[in-house]
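In what follows, a structure is listed as structure tokens, so that the remarks can point back to it.
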Amino acid sequence: MAEPLHVLITGAAGQIAYSLLYSVAKGDVFGPNQPICLTLLDIEAMMGVMSGVVMELTDCALPLLKSVTPTSDIPTAFKDIDVAILVGAMPRREGMERKDLLKANVRIFKQQGEALSQYAKKTVKVVVVGNPANTNAFICKMYAKGIPPENFTCLTRLDQNRAQSQVANRVGVSAQDVRNIIIWGNHSSTQFPDVSHAVVKVGGNDVKVPEAVKDDAWLKGDFISCVQKRGAAVIAARKLSSAMSAAKAICDHLHDWWFGTKEGQWVSMGVPSDGSYGIEAGLVYSFPIQIKPDHTYTIVQGLSIDDFARSKLDATKQELIEERDDALKACQE
């Protein structure tokens with residue numbers, strides 16, 4: 001059997017992690033033959049809750065789970081890890097300004113970037129989940145000296161999954177029959193869910209999504225706003241943020257990063273821009289991504305961008321530039 005993979009999950013006493021841990025430890029993410037050593041990081045005040053999570057993981061009697069290490073100590077958490085799933089972040093509280101949230105999270109992700117540089121393997125793969133995810137990933141990447149920038153990603157797969165499901169429901173097929181929807185930009189209400197290159201299997205045949213849906217007004221209106229605001233809708237209904245669906249999306253993101261995408265298919269991931277599609281290099285921006293089984297990925301090139309899409313790509317880019325600049329100012333304070 002393979003050597004154990006050392007996986008860190010931060011915010012590990014929270015609800016997203018609680019929905020995530022079983023799938024990671026069971027083998028759904030890294031494969032049925034990959035042993036896992038889990039490290040669970042949270043603040044000291046959550047160690048009591050964490051002890052209960054560890055009990056439950058132990059009681060699952062999972063054959064691939066070789067060890068579980070709960071900790072509130074940064075060096076212990078980041079030591080020699082292969083994968084970092086950075087879920088923990090300061091949540092936005094009532095009355096909190098966006099700049100205050102950015103400032104609080106800059107401190108967290110600056111510290112974690114430095115910890116990755118100092119303690120983790122230089123090959124570590126990082127997915128940032130805590131919001132604002134793109135900008136948190138940018139800051140983490142900036143302070144993780146010695147680790148390749150392309151090893152830093154942020155989660156937009158939840159948005160992709162939401163968009164796939166909306167189209168599937170509209171057409172009357174399974175979500176797995178919809179592929180190549182793109183989430184462009186920021187994991188925020190400016191993101192652009194783009195179906196112009198997507199296809200759906202209907203009656204055994206591949207049909208372009210706009211042709212299958214037959215409702216451009218919906219695709220350019222309610223569909224986009226539904227995906228953009230789905231997180232807020234879940235909070236309004238549950239009084240809690242998305243957890244089960246977020247955990248599933250993290251699993252999808254990492255599974256595809258580990259094993260690669262299927263021929264002719266792509267997935268959405270927030271990655272450092274290389275200048276593609278007019279997006280400033282270095283910004284962590286969601287693109288269509290194809291991945292090889294050796295964990296390397298490329299941004300899909302040559303996709304046509306019409307005027308409607310261009311305006312959407314630029315709007316979410318502008319928001320990310322503003323977030324980045326605010327975050328960089330906070331780093332100096």
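Nonpolar atom fraction for the range 136-235, defined as the carbon and sulfur part of the 1.4 Å probe accessible area, stands at 49 percent.
For the cross-link pairs 214/262; 122/317; 26/122; 79/125; 141/329, the ones whose C-alpha atoms lie over 19 Å apart are 214/262; 122/317; 26/122. Once the chain from residue 281 to residue 307 is taken as fully extended at 0.36 nm per residue, the excess over their C-alpha distance is 7.2 nm.
For the range 45-147, rounded, prolate or oblate, judged on the Cα gyration tensor with a ≥ b ≥ c (square roots of eigenvalues), a/c < 1.5 rounded, else prolate if a/b > b/c? It is oblate, given that a/c is not under 1.5 and a/b is not larger than b/c.
Based solely on its DSSP helices, what 222 nm [θ] is calculated for the chain when runs of n ≥ 4 H residues each add -39,500 (n - 2.57) and the sum is averaged over all residues, nearest 500 deg cm²/dmol?
Per the formula, -13500 deg cm²/dmol.
State whether the range 245-333 is rounded, prolate or oblate according to the following rule on the C-alpha gyration tensor (a ≥ b ≥ c being the square roots of its eigenvalues): a/c under 1.5 gives rounded; otherwise a/b larger than b/c gives prolate, and the remaining case gives oblate. Note, shape of the range 245-333 comes out oblate.
Using the Kyte-Doolittle scale, which helices in the chain average at least -0.5 and also have C-alpha atoms spread 20 Å or more along the helix axis, with helices defined as whole DSSP H runs? Present the calculation step by step, with values, prior to reporting the outcome.
Details: long enough: 98-119 (31 Å, -0.80); 157-171 (21 Å, -1.30); 244-259 (22 Å, 0.06); 307-332 (38 Å, -0.97).
Taking the DSSP H segments of the chain (at least 20 Å long, mean hydropathy at least -0.5), we get 244-259.
Remark on residue 286: its backbone amide H falls under 5 Å from those of 185, 186, 271, a criterion applied only to residues 5 or more positions apart or on other chains, H modelled at 1.01 Å from N. For the pair residue 202 and residue 216, the difference between a 0.36 nm per residue extended length and the Cα-Cα distance amounts to 3.2 nm. When a/c reaches 1.5 or more, the comparison of a/b and b/c decides; with that in mind, is the range 168-318 rounded, prolate or oblate per its Cα gyration tensor? Judged from the Cα gyration tensor, the range 168-318 comes out rounded (a/c under 1.5). Nonpolar atom fraction for the range 1-70, defined as the carbon and sulfur part of the 1.4 Å probe accessible area, stands at 59 percent.
The residues of the range 201-262 present an accessible area of 56 Å² per residue when probed at 1.4 Å with all protein chains retained.
The values are calculated or read from the model by the stated rules, or taken from the named source; none is laboratory data. Quick caveat: nothing in here was measured; it's all calculated off a predicted structure. The protein model used for the area step is the full one, side chains on, heavy atoms only, and it has no ligands, DNA or RNA in it. Shrake-Rupley method; radii C 1.70, N 1.55, O 1.52, S 1.80 Å.
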